[in-house]
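Below is one structure, written out as structure tokens, with a few remarks after it.
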Amino acid sequence: MAFRFKTENGQFPVIGDDVPVEVTIANWPAGVTIQKAWLTFKEKDSDIAPIFLQKTLMSGFTISGGTAVFTFDLPRADTVLFKPGPDKKYYVEVQLLESTGRIKTPQPAQAVEWEGQLNTSTS
């Protein structure tokens, strides 16, 4: 499964930006649709760690030719909550509810870090 934060320059996402998170899943089974998807951030790589931020999608899933694609949008109001730097990592995973009723985790937790922003005055 391809999982990435879209940035124009290929860098880590920047705190204070609007950040789309695109998810692409290859080899999606025929006849199965996605009912719901969750993007979950935690500060520790643990089941019992509290959730730092969670986004839920109920629509916008495209399935074509055995590939599922959807995008979570992280607005500035969410990204300003993160702290920057290589010493501050967040763990992010994607989970899905399939039309079969099964929960699937196509993207197990992976570490993500955020870049700081110099100009926070954007109005």
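We did not get these values from a lab; they are worked out from the coordinates using the rules stated. Quick caveat, the model's predicted, so the values are computed rather than measured. Ideal geometry is used to build each Cβ from the backbone, glycine not excepted, and the neighbour counts take in all protein chains shown.
Quick check on the chain: what does the Kirkwood estimate of hydrodynamic radius come out to from the alpha carbon pairs, in Å? Show your work: numbers first, answer last.
Working: mean 1/r = 0.0652 Å⁻¹.
After inverting the pairwise mean of 1/r, the radius is 15.3 Å.
Simple spin-label model, 7 Å along Cα-to-Cβ: VAL69 to GLU43 in nm?
Output for this residue pair reads 3.6 nm.
I'm a student and want to see the number: the projected area of the Cα convex hull of the stretch 14-53, averaged over all directions, in nm².
4.7
Compute the distance in nm between two label points, each set 7 Å from the Cα along the Cα-to-Cβ direction, one at GLN95 and one at GLN117.
Output for this residue pair reads 2.9 nm.
Ratio to report: Rg/Rh of the stretch 47-94, with Cα atoms as the point set and Rh obtained by the Kirkwood method; give two decimals.
Working: Rg = 14.2 Å, Rh = 13.5 Å.
Ratio of gyration radius to Kirkwood radius: 1.05.
Hey, what do the phi angles of the stretch 84-97 turn into as Karplus ³J(HN,Hα) couplings, whole Hz, using 6.51/-1.76/1.60 and θ = phi - 60°, x for Gly and Pro?
Here the 3J(HN,Hα) series is x, x, x, 8, 10, 10, 10, 10, 10, 9, 10, 10, 10, 10 Hz.
What dipole magnitude, in Debye to the nearest 20, does the chain give about its Cα centre under +1 on Lys/Arg Cβ and -1 on Asp/Glu Cβ? Each step should come with its number before you reach the end.
Values: 12 positive and 14 negative charges, 55 e Å.
Charge dipole, the chain, about its Cα centre: 260 debye, nearest 20.
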